[in-house]
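Since the structure comes first, as structure tokens, the remarks are kept for the end.
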Amino acid sequence: MSTAKAKTKKPDAQRQRSASKASEILNGQKATSQPVKKSKSREWIEALIFAGIAAFILRSFVIEAYRIPTGSMEDTLLAGDFLLVNKFIYGAVVPFIDYRLPGFKEVEQGDIVVFKYPRDKDVNYIKRCVATAGKTIEIKDRKVFVDGAEFALPPEGKFLSTQPMPAGQAEMNIFPLYSSFNKDNFGPLHIPKKGEKITLTPENFQTYKFVLEYEGHTASIMGRQVYVDGKPTNEYEIKQDYYFMMGDNRDNSLDSRYWGFVPHSHIVGSALIIYWSWDPDMSFFQLWDKLASIRWTRIGRLVH
């Protein structure tokens, strides 16, 4: 009898010891923490994701690289210059929602600004701001005047032709449509400013038509009556600031003289520094000639 009882008690004791050990492990009394090793492929994927997010944040809010494709800013900027553009100085735009963060300064006269082309937001332009919101611009025989004060041609700016176009000789595609302005004799023209109330007339309809459209309205004219969103309107309050931009190569620049004002919502950033420069017309198939075309003296030059 005693032998039988001993055999029945032994499994019970083993089960108790096993249950005690399991309880200790669950309670962390004897568990040893061993970090799970990540595979190399996972580490690479995580590093790439982190780098992609960091690059997206920097590109969206801090700084972005741009290439100069044309000669409209010669000789301040040359085709083939590669720039870094400061995007936070005027307030970066949050992607996808078009909300602009607070900036450190406003666009000022003389700034070299990257902005979205007003007629196509998918295209970026770079020009010099020659007149800010609320100012009046006038060009007389190539000389630019803002509120009556001359804004001199920048030191590296230039003209290609020897003689200006005479005043009163209308130029094709000049702004505003149907005016008698040309690239060398232009204005006077007032730059819209946020909060201003303007009177809409048949005479200034072409001047403000795109302003109304930039601010989300439709604009039309029938007879001598201007319509905004289908309603007869004689007065309108401007919702944002606008700027007048011109290229330093005055005879070879498609700028505000041809397509009008740049709205503040289209401002991207301020040109900061040239980090690379070479001849854009030189083919990569001519590698040694391409490398020989590097403009070493331009690399590291601050843009102003």
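The values are calculated or read from the model by the stated rules, or taken from the named source; none is laboratory data. The structure presented is a predicted model; accordingly, all values stated were derived computationally and were not measured. A quick note on method: Cβ atoms are made from the backbone with ideal geometry, for glycine too, and the neighbour counts reach across all protein chains shown. What goes into the accessible areas is simple: the full protein's heavy atoms, side chains included, and nothing from ligands, DNA or RNA. Shrake-Rupley method; radii C 1.70, N 1.55, O 1.52, S 1.80 Å.
Some notes on this structure:
- Once the Cβ-Cβ distance of Asp251 and Phe50 is raised to the sixth power relative to R0 = 41 Å, the FRET efficiency obtained is 0.25.
- Largest-first principal axis extents of the Cα set of region 225-304 (Å): 65, 25, 22
- The chain, dipole about Cα centre (Lys/Arg Cβ +1, Asp/Glu Cβ -1), debye to the nearest 20: 3040 debye
- Pairwise Cα distances in region 75-160 exceed 19 Å in 52 percent of cases.
- Accessible surface computed residue by residue for the chain, with neighbouring protein chains in place and a 1.4 Å probe, gives 60 Å² per residue.
- Positive-end extreme of charge dipole, the chain - chosen from Ile299, Asn252, Ser39 (charges on Cβ): Ser39
- Per-atom-type breakdown for region 205-304 gives carbon and sulfur 58% of the accessible area (1.4 Å probe, protein chains only).
- Rounded FRET efficiency, nearest 0.05, which uses the C-beta distance separating Phe284 from His304 and R0 of 35 Å: 0.65
- log₁₀ of I(q)/I(0) at q = 0.13, 0.14, 0.15, 0.16 Å⁻¹ - the chain, Debye sum with one point per alpha carbon: -1.02, -1.14, -1.24, -1.35
- Normalised by residue count, region 206-263 yields a Cα convex hull volume of 88 Å³ per residue.
- Taken as entire DSSP H runs, the helices of the chain that both span 30 Å or more between Cα atoms along their own long axis and average 0.0 or more on the Kyte-Doolittle scale are 40-61.
- Modelled FRET efficiency - R0 35 Å, Asn234 with Val123, Cβ distances, 0.05 increments: 0.55
- Over 25 Å apart at the Cα level, from the set Lys197/Lys231; Lys209/Lys239; Lys116/Lys193; Lys87/Lys143, are Lys87/Lys143.
- Rounded to whole Hz, the Karplus (6.51, -1.76, 1.60) HN-Hα couplings of region 101-109, x for glycine and proline: 6, x, x, 8, 7, 8, 4, 10, 4
- Taking region 235-278 and a reference point 7 angstrom along Cα→Cβ of Leu177, the backbone N atoms nearer than 17 Å belong to 257-261.
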